[in-house]
1. If Lys262, Lys246, Lys14, Lys237 are ordered by their accessible area, calculated over protein heavy atoms with a 1.4 Å probe, which sequence runs from highest to lowest?
2. How big is the charge dipole of the chain about its Cα centre, in debye rounded to the nearest 20, if each Lys and Arg gets +1 on its Cβ and each Asp and Glu gets -1 on its Cβ?
3. Just to check I understand the Karplus step: with θ = phi - 60° and J = 6.51 cos²θ - 1.76 cosθ + 1.60, what whole-Hz values come out for the stretch 204-220, glycine and proline as x?
4. Among the aspartates and glutamates, which fall within straight-line cross-link reach of Lys238, defined as a Cα-Cα distance under 17 Å, with same-chain neighbours fewer than 8 residues apart omitted?
5. Going toward the positive end of the dipole of the stretch 46-87, with +1 on Lys and Arg Cβ and -1 on Asp and Glu Cβ, which of Ala83, Gln72, Leu53 do you reach last?
6. Once you sort the root eigenvalues of the Cα gyration tensor of the stretch 194-276 as a ≥ b ≥ c, which label holds: rounded (a/c under 1.5), prolate (a/b larger than b/c) or oblate (the other case)?
7. Using a 1.4 angstrom probe on the protein heavy atoms only, line up Phe188, Phe227 by accessible area, largest first.
8. Considering only the other residues whose Cβ falls under 14 Å of the Cβ of Ala123, what net charge follows from Lys and Arg at +1 and Asp and Glu at -1?
Amino acid sequence: HLLEHLMPEPMASKRVILIRHGESLWNAVFNKSPMLLMPLRLARALAYEFLVLFELDSVLFDSPLSALGRSQARELAEYLARARDSPLTLKLAQDAQRDISAMAGATSSVVVSSMLRRAVSTAWIALEDRVRQRGPQEPMYLHSAMQEMSRNVDTLSIAALRAAPALSVVNGDNMTVPNLARCTSAQFNAGNKPVRAVALTRIAELAEWCHARPEETIVLVGHSLLFRTLFQLYLPKKSEHVSKAKKVVNCGVVGFTLQQGKLPSGKTYYRIDPASITVVYGGFGGK
């Protein structure tokens, strides 16, 4: 607390918007109630895994969106369209309106996704108008630093170095996103995370990357554990904000201001302004 009190005033700030992916097939197998039915769900998933083995696809590795996850992403897209067209009807706060405008590309912003397939598909479905219209001129970037934490196989990417992943045949995403390569850039996909990767290092790299970008707002499409850890790292220690304990819900959208400053030692620090956190859609849920 004393160190935070002695921190110099931040020198720069960047608006960051987090979008969590929709429910994945992994979530549908392992995280759904009732847990008594989990063995049956797992048996069905393993059967699918065998069927798509020769398609170079997977239900569990780099797990794609479930049917519910695709529906959640479409519902988010519909909400964002209504919010753009009728903000007064929805009685949105000013910060939420600003974040929605940024997601639509009406203000200076860039979209960045994890290279895991459930995040890429969520970004495409929820922000399709923006991603499709901007195309190669303003691509959606795939970034390795956005890869989910955990050692579960669903967090392992099937994408090759500097390449976008082949989207799933199992759930039909390969047909839903026909122009993925044209509308995305994988130049920041440095490949799958190492076995002993330190997530805190990747989060620091992501914060540095965000502040180095020329855009005013960075839209990050990614994962619950990574997002929760980001809040735990950069919110003040005395803050008791719910984001430190709860995950962003599937297809939830949360914005905040990420501040950057220099310590007397010359080391760069990052800080989330607690007062700037805005729930745009969905909010926070399970642990």
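1. Sorted by accessible area, descending: Lys237, Lys262, Lys246, Lys14.
2. Details: 34 positive and 24 negative charges, 107 e Å.
In total the dipole reaches around 520 debye.
3. Using θ = phi - 60°, the values come out as 5, 4, 5, 4, 5, 4, 4, 6, 7, 6, x, 6, 6, 10, 10, 9, 10 Hz.
4. Glu4, Asp273
5. Result: Ala83, furthest along the dipole toward the positive end.
6. Working: a/c = 1.32, a/b = 1.20, b/c = 1.10.
Rounded, because the longest to shortest axis ratio a/c is under 1.5.
7. Result of the area sort, largest leading: Phe188, Phe227.
8. On the way: positive: Arg20, Arg70, Arg74, Arg117, Arg118, Arg130, Arg132, Arg134; negative: Glu128, Asp129, Glu138, Asp173.
Spelling it out: positives minus negatives among the neighbours equals +4.
The values are calculated or read from the model by the stated rules, or taken from the named source; none is laboratory data. All values reported here derive from a predicted model rather than from experimental measurement. Because the Cβ atoms are built from the backbone with ideal geometry, glycine has one as well, and the counts that use them run over all protein chains shown. Accessible surface areas use protein heavy atoms only, side chains included; no ligands, DNA or RNA. Shrake-Rupley method; radii C 1.70, N 1.55, O 1.52, S 1.80 Å.
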